[in-house]
Amino acid sequence: MLSGSLQFNVRQLIVSVLQAAGVRDDCEPIPDKELTERTLASICRGIVSEPSLAHLPIQILMKSLGEKRLLQLTVILLWFFSKGDPKDDVVRAAIDLLHPRIKRDWNFCDDLRGLKENPGASLDLMLLKDVAVSARDLMDSTQYEVLFKKIYDKPTIDTPTRQFADRTLRGIEGERHRLAQFKQARGRE
């Protein structure tokens, strides 16, 4: 290997290590000072590029981040997961992110509404810049519809998660209806 006759694939090494460590639940939280915006952006890019290996990084983030920062990362990752046709690995990673958010009579649109009320205080603009996403894109609940349909249609999910996905889909439909009424009212002016 040192002579250069073998090619060494760092990406494959990382994938192998994460696969082997993916079943561990005893990982320590990362100190907050080590989780800079750039580090979090890199973690997000890694999770999005390999959602099949996202379980362990998501678990470590959940142990390491406060509620506000974790919600922000959840929204960013779900937005990325919503692009295209979410595969099973993406749906599993999304469910890992959503489990702490699942509460009775609550849905993901409620989280977005909370962020919309005060985006300057709720969203880290440097992190958004590092992941190349605008706050406006994140706040559009219709962007998440494809992902939540996939979650709802997954036959193996538990009942609270299915109910959360259903409430979220109804919230998205309500938001779409409100936007249509708003556009119609503005057209009359």
Original post:
Pairs 83/116; 33/103; 154/183; 63/87: which are spaced more than 28 Å apart, C-alpha to C-alpha?
Top reply: 33/103; 154/183
**OP:** Compute the relative contact order of the chain as a whole-number percentage, counting only Cα pairs closer than 8 Å that sit 6 or more residues apart in sequence.
**Re:** 21 percent
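Do any trypsin sites (Lys or Arg not before Pro) in region 101-170 lie in a DSSP loop with no more than 15 other beta carbon atoms within 10 Å, and if so, which?
Passing both the DSSP loop test and the Cβ count: 103, 104.
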**OP:** Could you work out the local net charge near residue 116, counting Lys and Arg as +1, Asp and Glu as -1, over the other residues with Cβ closer than 13 Å to its Cβ?
**Re:** -3
Original post:
Which whole-number percentage describes the relative contact order of region 128-189, with Cα contacts under 8 Å and a sequence gap of 6 or more?
Top reply: 30 percent
**OP:** Starting from one equal scatterer on each C-alpha and no solvent at all, send me the Debye-based log10 I(q)/I(0) for region 103-189 at q = 0.18 Å⁻¹, two decimals.
**Re:** -0.90
Original post:
If we sort 28-36, 87-95 on the protection proxy, mean other Cβ atoms within 10 Å, highest first, what's the order?
Top reply: 87-95, 28-36
**OP:** For every helix of n ≥ 4 consecutive DSSP H residues, a contribution of -39,500 (n - 2.57) applies; sum these over the chain, divide by its total residues, and give [θ] at 222 nm rounded to the nearest 500 deg cm²/dmol.
**Re:** -20500 deg cm²/dmol
Subject >> For region 27-188, radius of gyration divided by Kirkwood radius, i.e. Rg to Rh on alpha-carbons >> reply: 0.97
**OP:** Pull out the extension gain between residue 69 and residue 122, defined as 0.36 nm times the separation in residues minus the alpha carbon to alpha carbon distance; nm, one decimal.
**Re:** 18.2 nm
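Using a 10 Å cut-off on Cβ atoms, rank the peptides 43-56, 69-82 from the highest mean neighbour count down.
69-82, 43-56
Read-outs throughout are calculated quantities, based only on the coordinates presented, and are distinct from any laboratory measurement. Small disclaimer: the values here were computed from a predicted structure and weren't measured. Heads up, the Cβs are rebuilt from the backbone with ideal geometry, glycines too, and the neighbour counts pull from every protein chain shown.
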